[in-house]
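Take a look at the structure below.
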Amino acid sequence: MTFTYEALPMRVLFGAGNLRQLPVEAQRLGLRRLLVMSTPGQRVLAEHAATLLGDACAGLFTEARMHVPIETAEAARAAARDAGADGCLAIGGGSTTGLGKAIALTSGLPVISVPTTYAGSEMTPVWGLTENGRKRTGRDRTVLPRSVVYDPELTVGLPVDVSVTSGFNAIAHAVEALYAPDASPIVSLMAEEGVRSLATALPAIAADPLDLDARTDALRGAWLCGACLGATTMSLHHRLCHILGGTFDLPHGAVHTIVLPYVAAFNLPATPAAEQALRRVLATDDVPGHLARASAELGAPRSLAELGLTEGDFDEIIAQVQAQPYANPQSVAPEVLRALLTEALKGTLASGVGK
Ligand code: NAD
């Protein structure tokens, strides 16, 4: 067995009530003028964080949007400059963390991330920006948050539908990490445990969104799955989802949830070790079918058609997938991709699940 594993330099604080640690954490990093960022929907939480920070808050920017449109990134960069910020506090899901990364990319300002979904961006040096209908992504250590403050209490208000889809987004990181070209035993351990935590916690959250134990397990799983994404190269699934999100403006978590079973059905037969790991963790011989049914049973959208995609969009998607080389356990011919998209459009793998 040979492999390379490169640990990312990051600090994680995990625990219920941890938001209160923010001022100490900022002080520890020597940050005295933080720009506090959120989506419009999480403004109240951002204001609360700003109050906790007191003089260490230099301003608020509450316009974070999914897929980080370049206009939003520019506005946030200007807000950071105008406020004389020496760092950013991103409190929210992947959209807000992504905005913090967009600022860090051009300014080098350090980011503190307080994640409130399971998307996992806080654990990665991956940035994304959407411009002219194309989402560009890249890896740069500068954007890796210096400190991540996980507080499960902040996730009890995350609506069940977003909990489920961002949870499956996290599972997708782990699935692709298991068959990544730079997979390693340590990443596989994190991937298996991450999938196990989320697969157990998500049904419990759907049954009782206020269940703090389930919220804690899900957030721990999200951390592990995010760390898998940070440590490995993603494949076809992530390529497809970036295109569907960036060009067709489809919701990130829902797209991941719908597409994952179809990519898994294509890739897992070519990657027996990954398939074995997922069979073990999910206690099933049919990993793709299990993934599709489990998310549908929790109320997630089951087909790309439900999100508004049509067959007429396939040529553009296939052209973008093929435009640049990408990692995948096996090569993907355009007609295979079209067949995969056709199945995902219809949601065939979840078709047996009652509504
Ligand atoms: P999001 O950040 O857009 O959040 C979804 C919605 O939920 C928003 O309206 C937000 O205000 C709301 N919300 C978030 N937390 C909440 C809470 N605790 N309570 C109530 N409402 C809450 O969605 P997301 O799925 O977390 O992130 C998706 C984005 O993250 C995409 O742009 C994706 O590309 C990016 N992403 C990046 C990486 C990376 O490594 N770079 C990894 C995963 C996702």
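The values are calculated or read from the model by the stated rules, or taken from the named source; none is laboratory data. Note that the coordinates shown come from a computational prediction; the quantities given were computed from them, not determined experimentally. Ideal geometry is used to build each Cβ from the backbone, glycine not excepted, and the neighbour counts take in all protein chains shown. The accessibility values were calculated without ligands, DNA or RNA, using every heavy atom of the protein model including side chains. Shrake-Rupley method; radii C 1.70, N 1.55, O 1.52, S 1.80 Å.
Could you check which residue among 292, 26, 333 shows the biggest mean-square fluctuation in a GNM of the chain with a 10 Å Cα cutoff?
333
Not counting ligands, DNA or RNA, and with a 1.4 Å probe, what is residue 223's accessible surface area in Å² rounded to the nearest 10?
70
Grab the other residues whose beta carbon is less than 11 angstrom from that of residue 267, score K and R as +1, D and E as -1, and report the net.
Net local charge, residue 267 excluded: -2.
Take 331, 163 and sort them by solvent-accessible surface of the protein heavy atoms, 1.4 Å probe, largest at the top.
331, 163
Given only helices, namely DSSP H runs of n ≥ 4 each adding -39500 (n - 2.57), what is the per-residue ellipticity at 222 nm of the chain, to the nearest 500 deg cm²/dmol? It would help to have the intermediate numbers written out before the result.
Details: 13 runs with 181 residues, N = 355.
Here the helix-only value at 222 nm equals -16500 deg cm²/dmol.
How much of residue 311 can a 1.4 Å solvent probe reach, expressed as accessible area in Å² and rounded to 10?
It works out to around 120 Å².
Treating only the Cα positions of segment 13-155 as identical point scatterers, give the base-10 log of I(q)/I(0) from the Debye formula at each q in 0.09, 0.17 Å⁻¹.
Calculated log10 I(q)/I(0) at the listed q: -0.22, -0.81.
Check which residues have an amide H placed less than 5 Å from residue 57's amide H, if you skip close sequence neighbours.
Here the answer is 34, since their amide H atoms fall under 5 Å of that of residue 57.
Tell me the per residue accessible area of segment 190-347 using a 1.4 Å probe; a whole number in Å² is fine. Spell out each step's value before the answer.
On the way: 5940 Å² over 158 residues.
The answer is 38 Å² per residue.
Would the chain count as rounded, prolate or oblate if I go by the C-alpha gyration tensor, calling it rounded below 1.5 in a/c and otherwise prolate when a/b exceeds b/c, oblate otherwise?
Prolate, since a/c reaches 1.5 and a/b exceeds b/c.
If packing is taken as the average number of other Cβ atoms within 10 Å across a peptide's residues, how do 76-84, 320-328, 165-173 rank, most packed first? Write down the numbers at each step before the final one.
Values: 76-84: 16.9, 320-328: 14.1, 165-173: 30.4.
Result, highest mean Cβ count within 10 Å first: 165-173, 76-84, 320-328.
Which whole-Hz couplings ³J(HN,Hα) result when phi for each residue of segment 22-37 is put into the Karplus expression 6.51 cos²θ - 1.76 cosθ + 1.60, θ = phi - 60°, listed in order with x for Gly and Pro?
3, x, 5, 5, 4, 4, 4, 7, x, 9, 10, 9, 8, 8, 8, 10
With equal scatterers on the alpha carbons only and no solvent term, can you work out the Debye log10 of I(q)/I(0) for segment 248-312 at 0.15, 0.25, 0.26, 0.29 1/Å?
The calculated log intensity ratios at q = 0.15, 0.25, 0.26, 0.29 Å⁻¹ are -0.51, -1.06, -1.10, -1.23.
So for 135, 101, 346, what's the accessible-area order with a 1.4 Å probe, most first? Don't skip to the answer; put the middle values down first.
Details: 135 50, 101 0, 346 130 Å².
Sorted by accessible area, descending: 346, 135, 101.
What is the set of long-range amide H partners of residue 304 at a cut-off below 5 Å, with H atoms built 1.01 Å from backbone N?
345, 346, 347
Could you check the spin-label model distance between residue 141 and residue 70? Points 7 Å from the Cα along Cα→Cβ, value in nm.
Inter-label distance under the simple model: 2.8 nm.
³J(HN,Hα) across segment 88-96 via Karplus (A = 6.51, B = -1.76, C = 1.60, θ = phi - 60°), whole Hz, x for Gly/Pro?
Each residue's phi maps through the Karplus curve to give 10, 10, 9, 10, x, x, x, 5, 6 Hz.
Can you work out the Karplus-derived ³J(HN,Hα) for every residue in segment 210-215? Use 6.51 cos²θ - 1.76 cosθ + 1.60 with θ = phi - 60°, whole Hz, and x for glycine or proline.
Working through the residues one at a time gives 8, 5, 5, 5, 5, 4 Hz.
Once neighbouring chains are kept in place and the probe is 1.4 Å, which whole percent of the accessible area of the chain is contributed by carbon and sulfur?
Summing carbon and sulfur atoms, their accessible area is 52 percent of the total for the chain.
Check which residues have an amide H placed less than 5 Å from residue 182's amide H, if you skip close sequence neighbours.
HN-HN under 5 Å from residue 182: 233.
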